[in-house]
Amino acid sequence: MKLTLLLMLQTLRIAIPYLFAASGGVLAERAGIVSLTLEGFMLAGAFCATLGSFYFGNPWAGVLMGLLGGCLFGALHAVATIRFKADQIVSAVAINLMVVGLTRFFLRLAFDSSSNSPRVAGFGRDGNAGALATFENPLIWLGVIVMPALAWVITRTRFGLRVRAVGEKPEAAATLGVSVSRIRYRAVIASGALAALGGCYLALDQHQFTDQMTAGRGFIALAAVIVGRWMPIRAGIACLLFAFAEAMQIQVQGAGVLPSQFVSMIPYVLTLVALAGLVGRAVPPAALGRVEG
């Protein structure tokens, strides 16, 4: 019983960055903008959160800085793809590579290290003392409610209706007086902020930033968006499934019953299997990846 509870708590903790990033991915892609940038948004959020917490000595300042970093790169992606009609995949890859380079440069500049920052003020206790200490991190609670809240926004609000409209039929939305560009700008910038919260969680939970600490989580979150068919609740369930696979990987690796190289592949193999089984039947928003002239 205790082992099951610990596995569930570990799954929840692993799932939080996926949930934040996937929520950003759902929002932007429902508006018609490809979210291959989630990895970069998360990494930028993690680094900015570390800077804020280090210089202000307060984790909430770190969260605010992380949100600003995510919004900045979200705005950059929006300007490139909406204003200048850049290919969305190319823009996303460029931003991801840019963030990796910038975080390395400023890591060296700010902390005189090419690998990690000093320890900073964060949420939770060092050493994860006690199972209930998990819930002392306020970002855990935000991560739990982010998908239900996004589902309500998309299905119950005027903004959500317009997001769905510009992602499916932007021409029809424009004839009704909806500014397609404005809605997409808002969606992509909000996507950057949401994904950045996933990076904030990683940095402030670990009390430091390490080079490329997101380790592909943004791409797994995007896979969850696709597996969840661009629906928030389904995407959240997919995030939990991938997090459970990662938690099982950690448990099996700790037991030493299989080679570590094989065990570390489990979450990624599961991602590929899920995509191969479901992506053919998943229908993306009709205007995804297409920006009107």
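The values are calculated or read from the model by the stated rules, or taken from the named source; none is laboratory data. Since the model is a prediction, treat every value here as computed from it, not as a measurement. Cβ sites come from the backbone with ideal geometry, for glycine too, and all protein chains shown count toward neighbours.
Counting only residues that are buried (at least 21 other Cβ atoms within 10 Å of the Cβ) and under 15 Å from the mean Cα position of the chain (by Cα), how many does the range 228-256 have?
Summing the residues that are buried (at least 21 other Cβ atoms within 10 Å of the Cβ) and under 15 Å from the mean Cα position of the chain (by Cα) in the range 228-256 gives 9.
Go through L36, L12 for me and flag whichever is hydrophobic (A, V, I, L, M, F, W, C) and part of a helix (DSSP H, G or I).
It is L12.
So which residues in the range 52-86 are within 16 Å of Q208 (Cβ to Cβ) and among the aliphatic types (A, V, I, L, M)?
A61, V63, M65
What are the residues in the range 87-110 that are over 18 Å from the mean Cα position of the chain (by Cα) and either more than 16 Å from Y55 (Cα to Cα) or touching a residue at least 12 places away in the same chain (Cβ under 8 Å) (or both), if any?
D87, V90, G101, L102, R104, F105, F106, L107, A110
Rundown of residues vs (1) polar (S, T, N, Q); (2) at pLDDT 95 or above; (3) over 21 Å from R182 (Cβ atoms), yes/no style:
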| position | (1), (2), (3) |
| --- | --- |
| F41 | no, yes, no |
| G57 | no, no, yes |
| L64 | no, yes, yes |
| L67 | no, yes, no |
| A75 | no, yes, no |
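For residues in the range 173-184 being of a type outside the set (V, I, T) and in a helix (DSSP H, G or I), which is nearest to S53 (Cα to Cα)?
By that ranking, first place goes to R184.
Scanning the range 77-94 for residues that are of a type in the set (V, I, T) and under 11 Å from V188 (Cβ atoms), which turns out surrounded by the fewest Cβ atoms within 10 Å (Cβ to Cβ)?
V79
Could you go through the range 103-113 and let me know if any residue there is outside any loop (DSSP other than H, G, I, E, B), in contact with a Pro (Cβ under 8 Å, 6 or more places away or on another chain), under 26 Å from C200 (Cα atoms) and at pLDDT below 95.
Yes, there is a match, as at least one residue in the range 103-113 is outside any loop (DSSP other than H, G, I, E, B), in contact with a Pro (Cβ under 8 Å, 6 or more places away or on another chain), under 26 Å from C200 (Cα atoms) and at pLDDT below 95.
Just one of (1) part of a helix (DSSP H, G or I); (2) at pLDDT 95 or above trips up L3, so point out which.
(2)
Name every residue in the range 205-255 that is β-branched (V, I, T), within 13 Å of A22 (Cβ to Cβ) and free of Cβ contacts under 8 Å to residues at least 24 places away in the same chain, in order of residue number.
I237, the sole residue that qualifies.
What are the residue pairs meeting all of these: first residue in the range 155-173, first residue within 13 Å of L288 (Cα to Cα), second residue in a helix (DSSP H, G or I) and acidic (D, E), Cβ atoms under 8 Å, and 6 or more apart or on different chains?
G167/E29
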